[in-house]
Amino acid sequence: MPSTSISTTVLRLLAALSLLLMVCTESRARTISWGGAFGDSLFYSDGTLLNSDTIFELGYFSGGFTTDANNMDYWLAHWKVFDRATSGSGWNTTDRFVSLTPTLETDGTSSSSPPLPAYVFPQGGQAYIWAYRTDQTYQAGLQWALITNDDSDGDSSDDWLFPAHSDQTSLPLEWRFSTASRPVFGTLNDDDGAGERTSTVSSTELQTHTLSVIPEPGSALLLALASSLFMQRRRRK
């Protein structure tokens, strides 16, 4: 066989092998597209536009933790981050656009780890998008929004649930502001969740709310005891 034919055959085999490797690589992870859309209306609780101080995270709460507005001081302890959007990295502050496409690997971890921790995301884990200003410290005046799509809307077919690690189809999951159904905290598509806002913005996809921190049970109990002792002393006098 002439050398030119051998070279052509080798090149074709290498090309076929390269294509096969690409297919195998693409099929080993389930893509999750999350965020919003171009030109979304995204605001802080005072009606100003979200800026580069805002961070968006996709993740879930571990340990069977039931998330609501009454246990916000425990959110961070249970929060496992699957992906994160920051200014210039998934969060376009100029065009008001949040969009990232991480993948769920066959071992249950996120393609965003590292640098994110290599958490394992269980099948059926309820996913949330958590938007916050600067950090996730529970404090008065915080700016948070927590949204999801669960069965509270009566439709479980589009819930944001992490798939089985063996479910490595090529079809991406779409978890966006427009397909979310419940604001746990903040405003979602003009639907108010828990929290407070000082400005009502019409036609908003997402608006953070603020919180006035309630004293911890221990502190409240001490205040009640102190008040009781004070009243008893007054009666004796």
Failed item in (1) surrounded by fewer than 21 Cβ atoms within 10 Å (Cβ to Cβ); (2) out of contact with any helix residue (DSSP H, G or I) (no Cβ under 9 Å at 6 or more places or on another chain), with S110 passing the rest: (1)
The correct count of residues that are of a type in the set (D, E, K, R) and either modelled with pLDDT under 85 or part of a strand (DSSP E or B) (or both) in the stretch 186-221 is 4
Subset of the stretch 165-185 (residues that are in contact with a strand residue (DSSP E or B) (Cβ under 9 Å, 6 or more places away or on another chain), of a type in the set (G, A, S) and within 20 Å of T103 (Cα to Cα)): S170, A180
All conditions in (1) modelled with pLDDT of 90 or more; (2) outside any loop (DSSP other than H, G, I, E, B) are true of H165 except (2)
Which number in (1) over 21 Å from R176 (Cα atoms); (2) modelled with pLDDT under 95 marks the one condition that S156 misses? (1)
For residues that are touching a strand residue (DSSP E or B) at 6+ places or on another chain (Cβ under 6 Å), part of a loop (DSSP other than H, G, I, E, B) and among the hydrophobic types (A, V, I, L, M, F, W, C), scanning just the stretch 46-98, find the one that is farthest from F162 (Cα to Cα). L50
Please specify each residue of the stretch 29-45 satisfying the condition of being of a type in the set (F, W, Y), part of a strand (DSSP E or B) and under 19 Å from E196 (Cβ atoms). F43
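The values are calculated or read from the model by the stated rules, or taken from the named source; none is laboratory data. Everything numeric here is computed off the predicted structure, so don't read it as measured data. In this analysis, Cβ positions are derived from the backbone assuming ideal geometry, glycine residues included, and neighbour counts consider all displayed protein chains.
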